[in-house]
Amino acid sequence: MRQILQNLKSGEILLADVPVPQRRRGHLLIRTTRTLISLGTERMLLDFGRAGWLEKARQQPDKVRQVLQKIRTDGLLPTVDAVFRKLDQPLPLGYSHAGVVVEAGPDTPGFRVGDRVVSNGPHAEVVSVPIHLCARIPDNVSDETACFTVVSAIALQGIRLLQPTLGESIGLLGLGLLGLLSVQLLRAQGCRVIGFDFDPDKVALARRFGAEAWNLADGTDPVQAARDFSRGHGVDGVLITAATRSNEPMQQAPQMCRKRGKVVLVGVTGLQLSRDDFYKKEISFQVSCSYGPGRYDPAYEQQGLDYPIGFVRWTEERNFQAVLDLMAAGGLRTDELVSRRVPIAAAHEAYAAVAAGENLLGIVLEYDGSVDLARRAVPLGNPAARPVEGKIGVGFIGAGNFAASTLVPAFREAGAELLTIASAGGVSGSHLGGKYGFRTTTTDHRQVLDDPAIAAVVITTQHASHAKFVQEALAAGKHVFVEKPLCLSHAELEAVIAAWRAANDRQPTLLMVGFNRRFAPLTRTCQRLLAGLPGPRSLIMTVNAGAIPAEHWTQDAAAGGGRLLGEACHFIDLLRAVVGQPITGVQTVAARLPDEAQHPPDVATITLSFADGSLGTVHYFANGHKDFPKERLEIFGGGRILQLDNFKSLTGFGWPNFRQESLWSQDKGHQAQVAAFLAAIKEGRPSPIPFEEIVEVTRATLEAAGHSDRPPTPEEA
């Protein structure tokens, strides 16, 4: 299918061929009929993409500070590589969409196949969208009109924050698409509206919609005009819908208001405020968040948990419905807002007009409905090509950031034959597959499992799906490399053990978990130095993990398992590898920070005891400072100490023939682990990490994370 993407590094607009996405749970699969180009947002993205490096940096100073911090901790080359990879990722454009439901299910109540719906889906022939970001289109509303719904909901949410009442006077700064929609929405609520813009055509259109409108290019003073319009009192509120870098709108808006008036920002402006302008009249200022309550809340959008209407009357979905109802009643007109109608095949022409700064309002993209809904795979190279002699055929399930930044490059560097890459949405798999020379990209992971040319499957999906995909891959007779963690519960672990045993009853099958730090070169040095050292050791692993938002999927107990399961497992495995003895006991003391009420703890001390009397402690802290090393391992034993910092330098204390070993850049062992995995398959050797050790570390991690449902071992039974 065709989808519009943007390369943020170059600004190039791509009409890409990607596989049709899978319908996810709680989502609708929708065949597109119309989408609307959002001139403000998409022009801003085009400008950013076309900007040079210095201008990109100037526009995002916070990102620059993050880059400088990463250089200090990880080194220059890894940081530059990470920045280029981030900018190289394609960005799907579009979020105001109309189409027809082609797949629904029991998990999508209120919708059925054949429904016409609006959604925030991108510019693509088929989209998969959560139900709370969809709404049914009334019969008397055309698809073209309906595709303005999401942009209208953005305007509506800003107006709701103003809380206007019948007869109030509202000022509008900016009469572009958002502003003209806002004029109609405000008039529908019985408000008097005064608007300002530099474009005489938009000013004239605002007047036709019932506003008093002024052309600022004529030298009009908006503050005086608003005062006159409001009979000398000042307007009750100002909605800023302009898109400009200027600070003028934020300086004019409070001056236009009456005492205790309101200013709401929906567009994008400079934000250098004058305190006096707000202070003297006690003006309130608020930034409106997209379509309304629920936006960016994964529990609402992805998990389908609605906000009770008695407590949150207007969610983003209900804002969509309100807009559609107004359209059906004839209170929101869009015909005069359509500047161009462009077939999706000619999308480049539309974006050329946007980039050229042509005087446009709404550009509607039209879709002909010719898409093949069953086309879940797209060839990226020669589909008839055969795997190279002597190379291991590899398929990927998952094409996220870690796959792109680390694992795909590592497997290619290690000599794997990259055959098929699967991703749920299709975009990331198409981009990554094309960049690294995969033969095929697909949205159906069964195509990876069913391909006889694929000997090994790499699983890099979200944590909750790891155990399921591991079992399916083992049942398909594949060797498996799964990024950590192996699973999220003891029950899942027992199922994986059973699947591994069944697979090995048929033929030798490797299962590797991405515990890469044991393969790092400086870890190997530690093991070599400790090999001849008598007596138990004491190990302290300090992980300055840093805070991540509570709404991130890894913090969700169901999707990610929490950070102790998802990341602390690395360090439990590292200590297991360095000590070289079985783990005999696990104890965890976790701190519950004030902002951790909604996710598993990510500040904890995990104490491990080992069969030889060694003692290991993992301090996993999300409440530290970025200037401190992220990962530090200290090993005490035999009157000597080793200190490993960030897998970049190793210092010895008390060693007669060792003082220090340093690397040019950080090496956490990813490349060495992948190479060892492929070599073991090729040469028929045992797994580089014994399966029993993987199970042991996984059980210890589950216990450390507070999972108490462990079944008794055969010895305990």
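General observations
- Once exposed loop chymotrypsin sites (Phe, Trp or Tyr not before Pro) are cut out (DSSP; at most 13 other Cβ, 10 Å), longest piece of the chain: 312-663
- Distance in nm between pseudo-label sites at Asn7 and Lys280 (7 Å out along the Cβ direction from Cα): 5.3 nm
- Fully extended contour minus Cα-Cα distance, from Ala453 to Phe653, at 0.36 nm per residue: 66.9 nm
- Taking every Cα-Cα distance in segment 377-513 and sorting them into 10 Å bins from zero, the calculated P(r) comes out as 13, 46, 32, 8, 0 percent.
- Nearest-ten-degree value, helix 427-436 long axis tilted from longest Cα axis of the chain: 50 degrees
- Helical content alone sets the calculated 222 nm signal of the chain at -9500 deg cm²/dmol, taking -39,500 (n - 2.57) per DSSP H segment of four or more residues and averaging over every residue.
- Descending semi-axes in Å of the chain, equivalent ellipsoid built from Cα gyration tensor: 52, 30, 23
- Between segment 624-646 and segment 523-567, the Cα center-to-center distance that results, in Å: 12 Å
- DSSP loop GluC sites (Glu not before Pro) with at most 11 other Cβ within 10 Å: longest gap in the chain: 390-714
- Paramagnetic label zone (point 7 Å from Cα along Cα-to-C-beta, Leu373; backbone N under 19 Å) in segment 1-26: 1-3, 18-26
- Across Lys202/Lys262; Lys9/Lys626; Lys9/Lys202; Lys468/Lys626, pairs whose alpha-carbon gap is larger than 31 Å: Lys9/Lys202; Lys468/Lys626
- Rel. contact order, % - alpha carbon contacts under 8 angstrom, at least six apart, the chain: 11 percent
- Cα-based helix-to-principal-axis angle, 76-88 vs the chain, degrees rounded to 10: 50 degrees
- Cross-link partners of Lys435 among aspartates and glutamates, defined as those whose alpha carbon lies under 17 angstrom from its own and excluding same-chain residues fewer than eight positions apart: Glu12, Asp17, Asp81, Asp88, Glu413, Glu417.
- If the segment from Gln527 to Asp612 were pulled out straight at 0.36 nm per residue, it would be longer than the present Cα-Cα gap by 29.0 nm.
- Computed label-point distance, nm, for sites Lys626 and Trp664 using a 7 Å Cα→Cβ extension: 2.6 nm
- Restricting segment 222-255 to trypsin sites (Lys or Arg not before Pro) that sit in a DSSP loop and have at most 14 other Cβ atoms within 10 Å of their own Cβ leaves Arg231, Arg245.
- Stokes-Einstein D in µm²/s, Kirkwood radius over Cα pairs - segment 151-287 at 4 °C with 1.567 mPa s viscosity: 91 µm²/s
- Length added when fully stretched, Ala328-Ala355, from 0.36 nm per residue minus Cα-Cα: 6.4 nm
- Looking at the chain, the DSSP beta bridges with both ends there are about 55 percent antiparallel.
- Taken along the Cα-to-beta-carbon direction at a fixed 7 Å, the label points for Ala475 and Leu166 span 6.3 nm.
- Cα centroid separation, segment 176-247 to segment 425-493 (Å): 54 Å
- Counting only alpha carbon atoms, the long axis of helix 149-162 and the longest principal axis of the chain meet at about 80°.
- Taking only the alpha carbons of segment 481-559, we obtain Rg and Dmax values of 17.9, 47 Å in that order.
- All alpha carbon pair distances within segment 279-321 were sorted into 10 Å bins beginning at 0; the resulting P(r) in whole percents reads 26, 44, 17, 12, 2.
Taken together, the values in this text are just the output of simple stated rules run on the coordinates, not laboratory data. Small disclaimer: the values here were computed from a predicted structure and weren't measured. Note that we place each Cβ from the backbone using ideal geometry, even for glycine, and neighbour counts take in every protein chain shown.
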